[in-house]
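A short write-up of the structure that comes next.
The values are calculated or read from the model by the stated rules, or taken from the named source; none is laboratory data. Because the structure is predicted, anything quoted here is derived from the model rather than measured. Heavy atoms of the whole protein, side chains included, go into the accessibility calculation; ligands, DNA and RNA do not. Shrake-Rupley method; radii C 1.70, N 1.55, O 1.52, S 1.80 Å.
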Amino acid sequence: QELNLLDSSNTIFKLLGPVLVRQDLEEAKATVGKRLEYITAEMKRYEQQMQDLERRSEQQREVLGKLQQELQ
């Protein structure tokens, strides 16, 4: 959102180690866009993993409950 407020007359810098390097506006927008896509994809992947683990956990609870009932 912030990058959309800028125009070609503004100067953008990218931090490379301890140095600030001048960067083109379009290149900066592309870089930020790619990072956002990556972060969003990672979040979705982790959410899916959590759902899978919760489902497996629930299945194991059911199996354990059945085994406890059989033993009683």
Inset, instruction - Could you tell me what % of all Cα pairs in the chain have separations over 14 Å? - result: 75 percent
Inset, instruction - Heavy atoms only, probe 1.4 Å: what % of the accessible area of the chain goes to carbon and sulfur, would you let me know? - result: 54 percent
Inset, instruction - Would you mind working out the accessible area per residue for segment 2-71, using a 1.4 Å probe, and quoting it in Å²? - result: 92 Å²
Legend entry - Sequence-distant aspartates and glutamates (8 or more away, or on other chains) whose Cα lies within less than 13 Å of residue 29: 2, 7, 37
Legend entry - Heavy-atom accessible area order for 12, 39, largest first, 1.4 Å probe: 39, 12
Inset, instruction - Return one number: the angle in degrees, 0 to 90 and rounded to the nearest 10, between the long axis of the Cα atoms of helix 25-71 and the longest principal axis of the Cα atoms of the chain. - result: 10 degrees
Inset, instruction - Grab the Cα-Cα distance for residue 44 and residue 4, subtract it from 0.36 nm times how many residues apart they are, and report the gain in nm with one decimal. - result: 11.8 nm
Legend entry - Within the chain, helix-based [θ] at 222 nm, where runs of 4 or more DSSP H residues each add -39,500 (n - 2.57), nearest 500: -24500 deg cm²/dmol
